[in-house]
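To start, the structure itself, in structure tokens.
The values are calculated or read from the model by the stated rules, or taken from the named source; none is laboratory data. Being a predicted model, the structure only gives us computed values, none of them experimental. We place every Cβ from the backbone using ideal geometry, glycine too, and count neighbours over all the protein chains shown. Heavy atoms of the whole protein, side chains included, go into the accessibility calculation; ligands, DNA and RNA do not. Shrake-Rupley method; radii C 1.70, N 1.55, O 1.52, S 1.80 Å.
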Amino acid sequence: VVRDQILDRAALHPGDVLLDVGAGDGLIGFGAVERVSPGGRVIFSDVSADLMEVCRGLARSLGVDERCGFVIAGAEDLAPLDPLSVDVVTTRAVLIYVHSKPTAFAEFFRVLRPGGRISVYEPINRLMFPEPRGQFWGYDVGPIRDLADKVKASWNDDPERDSTLMDFDERDLFDYAEDAGFGEIHLELRREVTGRHEPTSWEAFVATSPNPLAPSQGEVIGRALDTVEQLRFETYLRPLVEAGVRTRRRTVAHLWAQKPS
Ligand SMILES: C[S@@+](CC[C@H](N)C(=O)[O-])C[C@H]1O[C@@H](n2cnc3c(N)ncnc32)[C@H](O)[C@@H]1O
């Protein structure tokens, strides 16, 4: 659904060249191949050479490799791509890892032809954390709120808080697009709290981290609480995690825009 939304708003036409920045294993790019056919191409780009090999292998096995290109490049430096060489730039959950987001937008603008489009979809972590008091990763922890507060405070002290994951919100994205020179700009922010039923083992829960740059849940709990507190925390939370009744908070921004013709 998200993939279709990102591609729909990129207004793809047969013959278009689409660049997917931070393509990962190709979720967005492979969804675009048929949409730009006949005549179009999809260029997968990522900082990870391994992931580009994964995409190359997948393209071969899908029989679409002649309609695909693979580029190892960071969003802030798309030097392998010529100016005015693509019709569409897509990116999903990538700018959260990028240090200079304005530079990335300037690069998107540079490689796009006049009239070219961007479709950018990013989580807005700043609007997801901190959770309301009495909730911890979506679990209702009212009776151990004091301990949950300590663990959350430890998250707040984490250097990652000021990292690329948290250093922007949807208004920044809009400004970056405008400052880069994009003309028509649209932004949609979606915030949701939804009920979930996701039974999880305690071991899996403590091993989880919210993103690859962050410490694990267990590390933060160990740092924030003494051993007696840790026991009290686990005794209360473990059954809730194993039962899996929780809420999920999600905030995402989708920005789509056009370079003036
Ligand atoms: C969460 S994954 C998203 C992958 C894909 N866009 C998707 O929606 O499935 C983030 C991707 O961004 C890539 N990445 C991280 N930093 C990057 C950067 N500075 N420039 C380009 N890609 C980057 C990672 O290698 C990874 O493939």
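When A104 is tested against (1) at pLDDT below 95; (2) surrounded by 16 or more Cβ atoms within 10 Å (Cβ to Cβ); (3) within 15 Å of the chain's Cα centre (by Cα), exactly one condition is not met: (1). Residues in region 194-215 that are within 16 Å of R238 (Cα to Cα) and part of a loop (DSSP other than H, G, I, E, B): E198, P199, T200, S201, T208. Residues considered: V36, V94. Of these, the only one that is aliphatic (A, V, I, L, M), within 16 Å of the ligand (Cβ to nearest atom) and either out of contact with any Phe, Trp or Tyr (no Cβ under 7 Å at 6 or more places or on another chain) or farther than 29 Å from T208 by Cα (or both) is V94. In this entry, D77 passes the filter for residues that are under 29 Å from P212 (Cα atoms), exposed (fewer than 14 other Cβ atoms within 10 Å of the Cβ) and not aromatic (F, W, Y). Among the residues of region 46-62, those identified as within 12 Å of the ligand (Cβ to nearest atom), open to solvent by less than 40 Å² (accessible area, probe 1.4 Å) and either touching a helix residue (DSSP H, G or I) at 6+ places or on another chain (Cβ under 8 Å) or hydrophobic (A, V, I, L, M, F, W, C) (or both) are D46, M52, C55. Restricting attention to region 116-146, the residues that are open to solvent by 10 Å² or more (accessible area, probe 1.4 Å) and closer than 26 Å to D4 by Cα total 7. If you go through region 215-236 and keep only what is more than 12 Å from F205 (Cα to Cα) and open to solvent by 30 Å² or more (accessible area, probe 1.4 Å), you end up with G222, R223, D226, T227, V228, E229, Q230, L231, R232, T235, Y236.
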